[in-house]
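Can you keep this structure in mind? I'll have questions shortly.
Nothing in this text is a laboratory measurement; each read-out follows from the coordinates by a stated rule. The model shown is predicted, which means the values in this text are computed figures rather than measured ones. No Cβ is skipped: glycine too gets one built from the backbone with ideal geometry, and neighbour counts run over all protein chains shown.
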Amino acid sequence: MHAFRAGMTTWSVVNDDTREKRWQDHLPRSLPRYALLVCLALVVVSLGVVLMPARPPVPAQPPFSEQARAAALAETVRLKEAGSQLGSAKQHGSKDGSAPSADGPSAGAGNPAIERTVTLLTTQAQALLAPGESPADATGAAAAGSGQATPPATSTATPAPSVTGAPSAGQSSAGPSAAPLPSTAAGLVTALAKSGNQRLADAAVADGGLARLLAAVGTAQLLQASALAAGTGTAAPAADVASPQPSGTCPSPPASSHSDDGQSAAGQSGPGQSDAGQSGPEQSDAGQSAAASSLGGALAAVVRTEAQTIYGYQVALPRLGGDAAKSAAKELARHDTLLAGAESLSRLHCSAVPPREAGYTLGQSFLASPVAGLGSLEAATLPAYGDLVALSEGDTRQWAIAALLGAGKRAVLWGADPGALPGLDPSTLTSRPAG
């Protein structure tokens, strides 16, 4: 029995030794094969990596100001095309005998209000072109762009002012190609007012120079929407901007440099001077007026301009009668509020408030025709508010945007033409950077 167990143990040891020897003999023969398979696998993987196309980099999103400019250009070109088609339409229906437009014959070809609208939009489209951009590019933008810019979610910009009927800046909207062109005067009035509201909303968020340009475009489009409604017998759109009430005090005592800047800037460029309308961040340094060299200087120019305008209303009131006198008294009260607001903003920004003067010089033409004189005074306030839009931000800019629109309305009330870009000289846009 013991001999049998000893034999089995010896047989097991011999068998294990045989297996180990077979594995050792098999491994050297299989090693080249395994190495070849590993190399083939590496070659296949490397070829796959090389042949696989790399993902194109995601293009950087343009700054909000550039988006707002492109959106304004696209919508302006679109409205210009709609006005051109409406202006060239036959007054008594199309060639196929269809019925005339619901707006009536006065809304068709040859209507001066439509022609002025097309001219205004043409000027605005040229002003909105970036350096090197052609009108053909603008046409492509109108087909593929959006009528509303969207700031990035991380933007810390101040929300846009509340504008009647306008979505806030940053709210998504369909591009202008999503809707057909307005085919009636009423449709063009609505689209023009909507575009103007959106431009003002974007102006509250955009950077300085472009903010002023967008505010000028939006103001003119709203004013022209009302003029087009009156000229075609359609309903006038509601266009108003909520104006914040300035409040607060200077967080620190004003430095002497601030006081000197505000006084000298206001003194070198008085209210109503033509060069005030040619100043702003969109021009070269040589073309800037002293009044727009700083926020304090822009506020001082507004204070002086409003003080002179108030004096003009006080002189004109005794020379007016009837409805004109009532309107003048109403607008005089508004200017008193504007002057108080500008002075409050000056103190809030630690800027010196220019002292009120006893009187101002008015020409004989003003005394002979006070209505036209008031229109000239109101038009003279536009550049000062345009400067303030460009050089301010937050509630101060919203206040300036509302004041710019109000000044444009009052200029129209007294028969003055605010132009296609109220508060901005188009000739100063030649050196404006593209964003």
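Let's test the formula: R0 of 41 Å, r as the Cβ-Cβ distance of GLU133 and GLN364. What FRET efficiency results, to the nearest 0.05?
Details: r = 47 Å, r/R0 = 1.14.
With a Förster radius of 41 Å, E is 0.30.
For the ranges 383-392, 341-350, what's the packing order if you count other beta-carbon atoms within 10 Å of each residue, average per peptide, and put the highest first?
Details: 383-392: 29.8, 341-350: 21.2.
Put in order of decreasing packing, that is 383-392, 341-350.
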